[in-house]
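Here, each number is a calculation from the coordinates, and none is a lab measurement. This one's a predicted model, so the numbers in the text were calculated from it and none came from an experiment. For neighbour counting, all protein chains shown are included, and Cβ atoms are generated from backbone atoms with ideal geometry for every residue, glycine included.
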Number of protein chains: 2
Amino acid sequence: MSELTGNLLVAQSGGPTSVVNSSLAGIVSEALNHECIEEIYGGLNGVMGMLNEDFVDLAAESQQTIRGLRHTPGAALGTGRFKLKKQQDYERVLEVFAAHNIRYFMHIGGSEAQESADRIDQLAREHGHDLRVIGVPKTIDNDLVHTDHCPGYGSAIKHIATTVREIACDNRAMGQGEFVSIVEVMGRSSGWLAAGASLAKGKDQPHDPPHLIYLPEVAFSPEKFFEDVRRVLRREKYCLIVVGEGLVDKDGNYISVTSGLADGYGHTTPGGAGDYLGNLIEESLGLKARTTRLGYAQRSAATHASKTDNDEAYLAGQAAVRAAIKGESGRMVTLIRGDTDPYSCETGLAPLADMANGIKELTRDWVHEDGVSMNHQFYKYAHPLIQGEIAVPYANGLPEFVQLRREAVEKRLEVYPVG
Amino acid sequence: MSELTGNLLVAQSGGPTSVVNSSLAGIVSEALNHECIEEIYGGLNGVMGMLNEDFVDLAAESQQTIRGLRHTPGAALGTGRFKLKKQQDYERVLEVFAAHNIRYFMHIGGSEAQESADRIDQLAREHGHDLRVIGVPKTIDNDLVHTDHCPGYGSAIKHIATTVREIACDNRAMGQGEFVSIVEVMGRSSGWLAAGASLAKGKDQPHDPPHLIYLPEVAFSPEKFFEDVRRVLRREKYCLIVVGEGLVDKDGNYISVTSGLADGYGHTTPGGAGDYLGNLIEESLGLKARTTRLGYAQRSAATHASKTDNDEAYLAGQAAVRAAIKGESGRMVTLIRGDTDPYSCETGLAPLADMANGIKELTRDWVHEDGVSMNHQFYKYAHPLIQGEIAVPYANGLPEFVQLRREAVEKRLEVYPVG
């Protein structure tokens, strides 16, 4: 494959993670190694920046800032939920790419980001615009196919397991045989995050907290729930429950705090599964229950990030640039777990076109037969992903994060009517 | 004052903090320095253990465990909300103390713990039982009088400010002019904790997140709230709100998620102030709003603990033992801030009898005139309390906390019917 000279563009799409900027840093630092990459541009606010020509000069950022990205949560380029759908939007993107001589496009994101990267790649081929498109996986939801796991997931479950372990110390102290505490975690359609809470248990300590985990994969039944809670409270002096926000009943309706309150059981959007369980416990068991909702902290707790995850996010960014330099296009970087013990991981490539087809579900075989805990196979899978800590720099008692200077790249085209 | 020889008892009461075990470690390590203290007992589960003779031998614990207490959240001896009220319960406590030759009693807790310590002290005098009672302050609510601040508060607000700063990175990335995010913090009757979130702002950066702070001290008005949010969204691309769970309306009723839903506006117990604000935003401004509820993490996030706070908690425990050895009784250790800059702090003593009378309110003068931020005086007060980090040991990717062996002390009395 002949050398392709031109500019590189990187964008971040979808919900941030605490390590998505590490992938950005990996891309920038690797791009600097290759002379055929002339300018390194960042597209602002996901695909919006590609339609609006909102580019910033990443090579103009200081080394300190690029290094600081490695421990800074959020998406430093901005992100967004706007989706490229219309054909004319895709044509516009190519027009913008041509105007700025973009020859390398790196899209960091989840399945939607990979899908749009795939369409850009195909359209470039159709138009004969020489472009190399590589996707970099990013999602705390861990649901991309073809990759063993997704950058962002390890740090999210490390935060969840850390917080559950800390809360367990509090709840254990309060426990007199009737103390119930609920931790609600994200995951609208899968239990990957809720399952990760099980890492808070000591190895081979099945009775350690969290005592009960309710996953979207297991249809919720109030009767079974009451039995579960009673069983734990016969054995322990407190009961620590983790619930995924996407919990559903046997008919697939979301369990929501307004279920049965405003408009009867059965909701189409998730909301307040933790409070719903708390209300059930108060009304039916007569016990107090307080819900902690980890919310946005799950995807931004850089102080609880996994070094393994952070390093892999960086590595994935570097690998994307190297693959493009080698002539690859229309591919997403994947993480491939080695067969060895201890854990090892290297990067691979998979077709972008496959990313829109299907999501990786939490393996049902990894759920313990009791339906409220994970078995050893899950532990074996997830445990390596949370290893190692990040030394986030502190100043004045708080973590110090960086922001990009965002030196704007001059626009070259007419204003485009987005939306 | 003549030397008093006998045993020491320490108990922990009320909700745990992430540094309440540091006070316990301070008491144990200091007690070992004094030969007149023969045995070092821990009372289990707050005052319950004093009624039931549930004592453990703290001197039998390993040095490693006592050291590990310094970074272990929760209350290692167990705690509880049971209150000593009946005269016969107090008589029982003295009987138990006499049977075990307890001559030094250290009660770590909030205002209720100090009040019961005071009554035990008075009753001992009346009965001629030579006993020295010293209280050690503990509460994330920061509401004890006579002390500049309370051990536990600094770590709680460091956790809150850290998490708000992390979430802000996420929310900033998502912001396109219409992104609203809410963080609900504890504090049923005061805004000490919500106010602490303001430390997440950079110094002299009033426009930094959190953009709006709603305190129980400032009567909530939906009209003002809408104005506040609109003002922020004109200036910023996102709006990060912090709300104390004890938010009230102009009539003093708690703002609750079920306000106006189940039984009309006006509730006697707090619950879901964050979700209530989120619903208001969705219904009245047509914007999505997601609420993170920090919950129990605020009093257990040892990985976000303040070294200053942790050291002061330890110091307060040591000072309690020293005061008792010197012959003091019926006193609580206080923290006295030096007049110097940089910050310094030493311990003092205040009468236990004063602790039940009044709580220390958040100074209204420290709230900015906009009603939704704190001024420089609050910053000056709170900022030193979050300085420094704790090196919590990690193993297998998660913080390692200790548990006491809890070697039981033999009972000497008939079973007592508690309750």
Check: Can you list the HN-Hα couplings for segment B:55-62, worked out from phi with the Karplus curve (6.51, -1.76, 1.60; θ = phi - 60°), rounded to whole Hz and with x for Gly and Pro?
Finding: 10, 10, 8, 6, 5, 7, 6, 6
Next item on the list: Quick one: divide the alpha-carbon radius of gyration of the protein assembly as shown by 2.2 N^0.38 Å and tell me what you get.
Entry: 0.99
Next item on the list: Compute the acute angle (0 to 90°) between the alpha-carbon long axis of helix B:111-127 and the principal axis of greatest extent of the alpha-carbon atoms of chain B; round to the nearest 10°.
Entry: 20
Next item on the list: Would you list the P(r) distribution for segment A:1-141, with all Cα-Cα distances sorted into 5 Å bins from 0 and each bin expressed as a whole %?
Entry: 2, 11, 22, 25, 21, 13, 6, 1, 0
Next item on the list: Work out Dmax and Rg for segment A:106-204 from the C-alpha atoms and quote the Rg first, both in angstrom.
Entry: 19.9, 71
Notebook entry, point to check: So how do A:S190, A:S306, B:S62 line up by other beta-carbon neighbours within 10 Å, fewest first?
Noted result: B:S62, A:S190, A:S306
Note to self: Set the bar at 20 Å for Cα to Cα. Now go through A:K288/B:K138; A:K158/A:K201; A:K86/B:K288; B:K203/B:K250 and name every pair that lies beyond it.
What the structure shows: A:K288/B:K138; A:K86/B:K288; B:K203/B:K250
Checklist line | Tensor-based shape of segment A:312-361 (alpha-carbon gyration tensor, a/c under 1.5 rounded, otherwise prolate or oblate) | finding: oblate
Item checked: For segment A:364-419, size of Cβ-based charge dipole, Lys and Arg +1, Asp and Glu -1, in debye -> 260
Next item on the list: Mind sorting B:R165, B:R230, B:R406 by how few other Cβ atoms lie within 10 Å of their own Cβ, fewest first?
Entry: B:R230, B:R406, B:R165
Checklist line | Alpha-carbon Rg/Rh ratio, for segment A:282-419, with Rh computed the Kirkwood way | finding: 1.06
Notebook entry, point to check: Based on the inverse mean of 1/r over its pairs of different Cα atoms, what is the Kirkwood hydrodynamic radius of segment B:187-328, in Å?
Noted result: 17.3
Next item on the list: Would you mind giving the average projected area, over all directions, of the Cα convex hull of chain B in nm² with one decimal?
Entry: 22.1
Checklist line | Innermost chain A residue relative to the axis carrying A onto B, by Cβ distance in angstrom | finding: A:R293, 2
Checklist line | GluC sites (Glu not before Pro) lying in DSSP loop within segment B:1-46, provided at most 12 other Cβ fall within 10 Å | finding: B:E3, B:E35
Item checked: Spread of Cα-to-Cα distances over 5 Å intervals beginning at zero, given as percent, for segment A:275-326 -> 4, 16, 12, 10, 10, 10, 10, 8, 7, 6, 4, 3, 1
Checklist line | Dipole-positive endmost among B:A75, B:L32, B:L51 within segment B:32-136 (Cβ charges, Cα centre) | finding: B:A75
Check: For label points placed 7 Å from Cα toward Cβ, what is the shortest-first list of nm distances from A:A395 to its copies?
Finding: 3.7
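About the Cα centre, and with charges only on the beta carbon of Lys, Arg (+1) and Asp, Glu (-1), how big is the dipole of segment A:35-126? Nearest 20 debye, please.
380
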Note to self: Placing unit charges on C-beta atoms (Lys and Arg positive, Asp and Glu negative, everything else neutral), compute the dipole magnitude of the protein assembly as shown about its Cα centre in debye, rounded to 20.
What the structure shows: 80
Item checked: Over segment B:47-163, relative contact order from alpha-carbon pairs under 8 Å, at least 6 apart, % -> 19
Margin query: Net charge within 12 Å of B:D121 by Cβ-Cβ distance, Lys/Arg positive one each and Asp/Glu negative one each, not counting B:D121 itself?
Written below: -1
Check: Long-range amide H contacts for B:M374: which residues qualify at under 5 Å (H placed 1.01 Å from N, peptide plane, sequence gap of 5 or more or a different chain)?
Finding: B:H368
Notebook entry, point to check: What shape does segment B:335-398 take by its C-alpha gyration tensor, where a ≥ b ≥ c are the square roots of the eigenvalues and a/c under 1.5 counts as rounded, a/b above b/c as prolate, and the rest as oblate?
Noted result: oblate
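Remind me, relative contact order of chain A in percent, using alpha carbon pairs under 8 angstrom and six or more residues apart?
Computed value for chain A: 23 percent relative contact order.
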Checklist line | Overall form of segment B:9-87 per C-alpha gyration tensor (a/c, 1.5; a/b vs b/c) | finding: oblate
